[in-house]
1. Taking a label point 7 Å from the Cα of Leu317 along the Cα→Cβ vector, which residues of segment 199-232 have an amide N closer than 15 Å to it?
2. Over segment 249-306, what percent of the accessible surface lies on carbon and sulfur atoms, probe 1.4 Å?
3. Please state the shape class of segment 202-334: rounded when a/c is under 1.5, otherwise prolate if a/b exceeds b/c and oblate if not, all from the C-alpha gyration tensor.
4. What lysines could a cross-link reach from Lys156, if we take a straight Cα to Cα line under 29 Å and drop same-chain neighbours fewer than 8 places away?
5. Give me the distance in nm between label points sitting 7 Å out from Cα along the Cα-to-Cβ direction at Ala352 and Ile245, one decimal.
6. Can you work out ³J(HN,Hα) from phi for every residue in segment 194-202, in order, using Karplus 6.51 cos²θ - 1.76 cosθ + 1.60 and θ = phi - 60°, giving whole Hz and x for Gly and Pro?
7. Rounded to the nearest 0.05, what FRET efficiency do Arg49 and Asp96 have when you use their Cβ-Cβ distance and R0 = 35 Å?
8. Which order do peptides 143-156, 280-293 fall in by mean Cβ count within 10 Å, highest first?
Amino acid sequence: MATRRSQGVGSLAERPPGSGRWQWRMRLGGDPVTGEPQRITRSFDAKTRAAAERQVRKWIDELEAEPLGSGAPMSALFTEWLRHIEARGRSPRTVDSNRRAVEKVLNPAIGKIPISSLSAKHLDNLYDQLLAKPLSPSTVRRHHAVVSAALNQAVKWGWVDVNEAMRASVPESSRKSLVLPKPEEIQQIVSALQELKPAFGMAAFLAAATGARRGELCALQWKDYRDGVLDISASLYRLNGETGIKGTKTGRERLVPVVGGAQAALATWRTECEAKAAEVDLDLLPEAYILSSWPDGSRPINPESLSSAFSRTAKALGLSHVHLHSLRHFAATEMMAAGVSPRDTADVLGHASPVMTLNVYAHSTADRQRAALEAVDRALEASIR
């Protein structure tokens, strides 16, 4: 059975210096399937460099001892799968979230089981234990998704013939009803955010007007807005204190028209941004971020700070049921309630398929339509009297 062969011990650096947060990178031997060079990157906490080096040595020993193929333990599969999805450009936040699920839950529970010996019963036992902790069904389903994706890749690599996760009994996750904000509630929050930080107010307004995701809005630059249309092709994220740019959630670029009041608001915002840049003798370049608190727009707003400010503001206004993502739900529901087709709504929102749009918003739209018809009925009753 083949094993990984490391090339040296790789590079180890503390980033930023003095933070206690370390990053280790190392080249491995060729991929067992494609023959292409492999690399591994891990971020972790350690108080001293000596402690960090001990952790790296432990990982290297584990890597070189683990076989590849059907006889390999699940921990080896998880390591190879994480490397694979990272190399294929999956979102850094997604890779990090999956890695934490593997390290904290999956490896301790099933990491030593050979891939070829893993059964649906093993997985059902694991899910039962997680539910008993208790973890929510939706959280257990996310762990199941990691196991299933890794095993699916093992099938493609020819390590096993069947994905046993497909036979496991996954707990059902009840879908919560969407709590949609009212237009006047959105206006209250937007106005309060504008007083706090104008860029936050504009971000909330655009979220409601376009249905764009938080990271997509923060990544927008002025060159992405032409002739009343936003070109949404990237998303900004924060991970381990660092900012990065990735593709959209579905990997698709989309053009979203900005109309009416939103177009006028963006024109006013552009004028204000140009004036702020001029105050410090700078020009507002095409690469400037639309949502920025810097005079020249050279840095985007922090998406996490935006969410925190939104939540605090909503709570202070007695609107704690409204979240930043609620504005995306608001835009989607308004479009469908107005008769926009699921396909067109999905295109505006950046959903991979209109099926997802219908699954999420059909019920909410039906509620809006019922409310509208009830209003019509009340009007008719009043006229009959």
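The values are calculated or read from the model by the stated rules, or taken from the named source; none is laboratory data. Bear in mind the structure is a predicted one, so any value in this text is a computation, not a measurement. When we count neighbours, we look across all protein chains shown, and the Cβ atoms used for this are built from the backbone with ideal geometry, even at glycine. Remember, those area values only see protein heavy atoms, side chains included, never the ligands or the DNA or RNA. Shrake-Rupley method; radii C 1.70, N 1.55, O 1.52, S 1.80 Å.
1. It comes to 199-209, nothing else.
2. It is 53 percent, rounded to a whole number.
3. Rounded, since a/c falls under 1.5.
4. Lys104, Lys112, Lys121, Lys246, Lys249
5. 2.5 nm
6. Per residue, the Karplus-derived 3J(HN,Hα) values read 4, 5, 6, 7, x, 5, 5, x, 5 Hz.
7. Taking R0 as 35 Å, the efficiency between Arg49 and Asp96 is 0.95.
8. Answer by packing, highest mean first, reads 143-156, 280-293.
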